[in-house]
Amino acid sequence: MTLGFAIFLLAVAALVVFAIATYNRLVGLTQRGAEAWSDVDVQLKRRTDLVPNLVETVKGYAAHERGTFDAVVRARGAAITAGTPDARARAEGQLSDALRQLVALAEAYPALRANENFQALQASLAAIEDDIQNSRRYYNAVVRDLNTAIDSFPSNQVAAAFRFAKRTYFELDREQDRQVPRVSFGS
């Protein structure tokens, strides 16, 4: 065996090891992305499951606010049926708007603000919103890593060969969703 042939074999072996390692990294990132999306989905489901209880509690105090209740129910339905992260982000933005209106409605009803059930539901909603934000942040970090690996040379060659697809971020597309809502329950 000549020195040139040995160097050639080492180069081919290094290339194969690189391709295998890169492929396995991309598979791992894809799986982490699926897991992270599942976590986001679970948190969003927790929120959509809480919505009917919140609506029913507020309904008892503000029965004439039918438009607000209908908007929440429609937004919840859209959020449940959305399949892709893009569609889900849009639907969740609409649900967030509708929930903001529902919670803001409570300002006009002091008895509702004092209701223990409403307070517990509101606290649960706040906790779930924090969990959604954390899950979304983790999902977006994994998507960033996967998309960077798919776009970067030389791993992009392996990604293209095995048809790894970039994922979309779960982000807020409307400016009003980026603003912190101001809701006051003081007198």
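Looking at the stretch 35-58 only, could you name the residues that are basic (Lys, Arg) and either in contact (Cβ under 8 Å) with a residue 40 or more places away in the chain or not in a helix (DSSP H, G or I) (or both)? Across the stretch 35-58, the qualifying residues are Arg46, Arg47.
Condition check ((1) charged (D, E, K, R); (2) surrounded by 12 or more Cβ atoms within 10 Å (Cβ to Cβ)) across all residues:
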| residue | (1), (2) |
| --- | --- |
| Leu3 | no, no |
| Leu9 | no, no |
| Val16 | no, no |
| Ala21 | no, yes |
| Thr30 | no, yes |
| Asp39 | yes, yes |
| Arg47 | yes, yes |
| Leu50 | no, yes |
| Ala75 | no, yes |
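The set of residues in the stretch 102-124 that are among the hydrophobic types (A, V, I, L, M, F, W, C) and under 16 Å from Phe69 (Cβ atoms) comprises Leu102, Val103, Ala104, Leu105, Ala106, Ala108, Leu112, Phe118, Leu121. Would a scan of the stretch 76-95 turn up a residue that is over 20 Å from the mean Cα position of the chain (by Cα), at pLDDT below 90 and within 30 Å of Phe118 (Cα to Cα)? No, the conditions are met nowhere in the stretch 76-95.
For the stretch 13-34, enumerate the residues that are closer than 27 Å to Ala79 by Cβ, without any contact (Cβ under 8 Å) to a residue 60 or more places away in the chain and not small (Gly, Ala, Ser). Answer for the stretch 13-34, where residues must be closer than 27 Å to Ala79 by Cβ, without any contact (Cβ under 8 Å) to a residue 60 or more places away in the chain and not small (Gly, Ala, Ser): just Gln31. Residues in the stretch 130-156 that are of a type in the set (Asp, Glu), farther than 19 Å from Ala21 by Cα and surrounded by fewer than 15 Cβ atoms within 10 Å (Cβ to Cβ): 1 in all.
Restricting attention to the stretch 82-118, the residues that are in contact with a helix residue (DSSP H, G or I) (Cβ under 8 Å, 6 or more places away or on another chain) and over 18 Å from Arg136 (Cβ atoms) add up to 14. Count of the stretch 109-119 residues, restricted to those that are surrounded by fewer than 16 Cβ atoms within 10 Å (Cβ to Cβ) and either in contact with a Phe, Trp or Tyr (Cβ under 9 Å, 6 or more places away or on another chain) or more than 11 Å from Val58 (Cβ to Cβ) (or both), is 5.
The values are calculated or read from the model by the stated rules, or taken from the named source; none is laboratory data. Please read these numbers as outputs of a predicted model, since none were measured by experiment. Glycine gets a Cβ as well: all are built from the backbone with ideal geometry, and neighbour counts include every protein chain shown.
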